[in-house]
Amino acid sequence: MRDGRKDLNNTSIKRYTCPTIISEFIASAVFGVTCRLRAETKDTMALELSKEETLEKRKRLIGQSCRLFYSDDPVKIVRARGQYLYDENGKRYLDCISNVQHVGHCHPSITKAAAAQMDLLNTNSRFLHDNIVLYAERLAATLPERLCVFYFVNSGSEANDLALRLAQQYTQHEDVIVLDHAYHGHLKSLIDISPYKFRKLTGQKEWVHVAPLPDTYSGMYREDHPNPGQAYADTVKDLIEEVHRKGRKISAFFAESLPSVGGQIILPHGYSTKVAEYVRSAGGVFVADEVQTGFGRLGSHFWAFQQQGESFCPDIVTMGKPMGNGHPLACVATTEEIAGAFTANGVEYFNTFGGNPVSCAIGLAVLDVIEKEDLRGNATRVGAHLKDLLTKLQTRHRIIGDVRGAGLFAGIELVKDREKRTPATETAALLVKRLKEEDKICISTDGPWESVVKFKPPMCFSMEDADLVVQCIDRILTDMETSDLKPEKEDI
């Protein structure tokens, strides 16, 4: 029988045999001995499959639409620790790509909490258990007071699907306003409200309305506008009026608090407050998708929507990726009024695994680590250092048109021409490829033209990591400026 834990390093495996568990459960002692034996022999154990064999089997057995990073030459990762990934040959990669392993890959406090609860109880959420209510209580303490009812699920897609149901049930309206190039998940209901996806498929549904992405670098209202937040919010107001002229009604404005797929966009100040005002006046609710940006990634705030000011509060907040540090865990937070309307429809909501004891134990451990290790403070300090380095790099390389971000949510937009702001898509792709091949740094691109190089590393990312990444980017861009290998000669 294949053992799925054998790729963990020795220290993390040995932590599964904590004394309290051994004293209470004989089976755990036997299991612990087995783990130690495996740990001692791990380094001499051959992988069951070579990279080539794994790739061949994947191509044969896994749907081709399930794509990998670096599809031309995927990285086979067999273990990880902190902000580092290790391939089958022991080569170490710096992870700037994962906003899921939020407090660091295989954090010992998380793996210990998971193992302890798994060894004690894991059942579906219809039995009474402390973990789910204790976790909800901890989450409530991070949110505005009116967001006090929680639904636990297993992924950001599930959370956003449920948020859509809550909004439509509460308002008794169907129509939704979303931002251009938005992505909210892979379920059918979410593909319908994700321009990033539906434009490649069946197109825009009649009940979905797309507002301009409030991008002050490449968008219709830029940094020189006297009030871009108000100007972009007014585009939502115009959409609402257009919807009303068609005899339709708005159920929700649905948006990421900081659009990530849109290219690490920092919303202009006042935007969300005015949009919420317009949407609520039309009988709709404001849904903040925090799946990628929540849990302190910005450093200054626990939730990205809080950047819009203390007085701003969404009606529904969704959260996911970082919640479980890699374990499937997500949630919807909302008001008593919205939750009450959902209950009043008479249809029970049930999620087999959502809020199970193991998931909630992990979620509690993640919150503990964020606090005890001051990861918000780290995001603030390292994020500011990274942004400062990138801004200085911008003065050396004209291809860097914009540097933006907050905390450990950052991006640089590459352009062929700073005045025209023409996207340098091919150069961005080549930069990502060379960082992986030459420097063992994993990073990605996004944005409408895939021209934004994104930074979204684990929260334990260090000053030294930031220094290294920027030094490598500097070296590669310098080389591209003087090389005949430039994909777009007018870029540099």
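The values are calculated or read from the model by the stated rules, or taken from the named source; none is laboratory data. As the structure is a computational prediction, the values presented were derived from the model and not from experiment. Every residue, glycine among them, receives a Cβ derived from its backbone with ideal geometry; neighbour counts consider all protein chains shown.
Things worth noting here:
- Subset of segment 429-463 [within 23 Å of LEU213 (Cβ to Cβ) and among the basic types (Lys, Arg)]: LYS454, LYS456
- Test: LYS416 is in a strand (DSSP E or B) and more than 25 Å from ALA330 (Cα to Cα): yes
- Among the residues making up segment 384-405, those that are under 15 Å from TYR217 (Cβ atoms) and of a type outside the set (D, E, K, R) are LEU390, THR391, GLN394, ILE399, ILE400, GLY401, VAL403, GLY405.
- Residues that are free of Cβ contacts under 8 Å to residues at least 60 places away in the same chain and polar (S, T, N, Q) occur at least once in segment 241-261.
- Segment 412-445: number of residues that are surrounded by 22 or more Cβ atoms within 10 Å (Cβ to Cβ) and among the polar types (S, T, N, Q): 1
- Residues in segment 60-110 that are polar (S, T, N, Q) and at pLDDT below 95: GLN64, SER65, SER71, SER98, ASN99.
- Complete set of residues in segment 109-154 that are among the polar types (S, T, N, Q), assigned to a loop (DSSP other than H, G, I, E, B) and within 20 Å of VAL369 (Cα to Cα): THR142
- GLU56 over 24 Å from GLN101 (Cβ atoms) and modelled with pLDDT of 55 or more: yes
- Only one of GLU413, GLU373 that is charged (D, E, K, R) and closer than 30 Å to GLU223 by Cα: GLU413
- Wholly within segment 158-275, helices (runs of 4 or more DSSP H) carrying at least 1 residues that are of a type in the set (Asp, Glu) and closer than 29 Å to ALA406 by Cα: 228-245
- Pairs with Cβ under 6 Å, 6+ apart, first in segment 460-488 and assigned to a helix (DSSP H, G or I), second at pLDDT below 95 and surrounded by 14 or more Cβ atoms within 10 Å (Cβ to Cβ): MET480/LYS486; GLU481/ILE492
- Filtered residue count, segment 371-408, keeping only those that are surrounded by 22 or more Cβ atoms within 10 Å (Cβ to Cβ), within 20 Å of the chain's Cα centre (by Cα) and on the phi < 0 side of the Ramachandran plot: 7
- Within segment 321-349, tally of residues that are closer than 25 Å to GLY294 by Cα and either among the aliphatic types (A, V, I, L, M) or within 25 Å of the chain's Cα centre (by Cα) (or both): 17
- Applying the condition of being of a type in the set (Gly, Ala, Ser), within 30 Å of LYS197 (Cβ to Cβ) and in a loop (DSSP other than H, G, I, E, B) to segment 50-93 and asking which residue is farthest from the chain's Cα centre (by Cα) yields GLY63.
- From the list GLU426, GLU488, the one residue that fits, being out of contact with any Gly (no Cβ under 9 Å at 6 or more places or on another chain), modelled with pLDDT of 95 or more, within 30 Å of LEU213 (Cα to Cα) and among the acidic types (Asp, Glu), is GLU426.
- Filtering PHE286, PHE305, PHE295 for residues that are modelled with pLDDT of 95 or more and either part of a helix (DSSP H, G or I) or surrounded by fewer than 24 Cβ atoms within 10 Å (Cβ to Cβ) (or both) leaves a single hit, PHE305.
- Which numbered condition VAL347 fails, given (1) surrounded by fewer than 24 Cβ atoms within 10 Å (Cβ to Cβ); (2) aliphatic (A, V, I, L, M); (3) assigned to a helix (DSSP H, G or I): (3)
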